[in-house]
Amino acid sequence: MTTKDKQLDFREKIIKGLEKVYEKLIIEKKEKKSKLVIMKGNKIVKINP
């Protein structure tokens, strides 16, 4: 396995981890009925999940 292959594998694992964290965040926000703060363009927006 070359260095480039290792980097791509590592990148895929990071992306999968971030996707799981995002899903858990949405679930938690729905359960607590709290707003989700996101950035849309140059504005900070609060939305209901």
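Rule-based calculations on the coordinates, nothing more; no lab input. Since the model is a prediction, treat every value here as computed from it, not as a measurement. In this analysis, Cβ positions are derived from the backbone assuming ideal geometry, glycine residues included, and neighbour counts consider all displayed protein chains.
Neighbours of E23, meaning other residues whose beta-carbon lies under 12 angstrom from its beta-carbon, give a summed charge of +3 when Lys and Arg score +1 and Asp and Glu score -1. Here is the list for the range 14-49: trypsin sites (Lys or Arg not before Pro) lying in DSSP coil, each with at most 12 other C-beta atoms within 10 angstrom of its C-beta, are K33, K35.
Per-residue Karplus couplings for the range 44-49, computed as 6.51 cos²θ - 1.76 cosθ + 1.60 with θ equal to phi - 60°, are listed in order as 9, 10, 9, 10, 7, x Hz, Gly and Pro entered as x. When the Debye formula is applied to the Cα atoms of the chain, each taken as the same point scatterer, what base-10 log of I(q)/I(0) results at q = 0.12, 0.30, 0.33 Å⁻¹? Once normalised to I(0) and log-transformed, intensities are -0.44, -1.01, -1.06. Rounded to the nearest 10 degrees, the angle from helix 3-32 to the longest Cα principal axis of the chain is 20 degrees. Only Lys, Arg, Asp and Glu carry charge here, each on its Cβ (+1 for the first two, -1 for the last two); on that basis the chain has a dipole of about 340 debye about its Cα centre.
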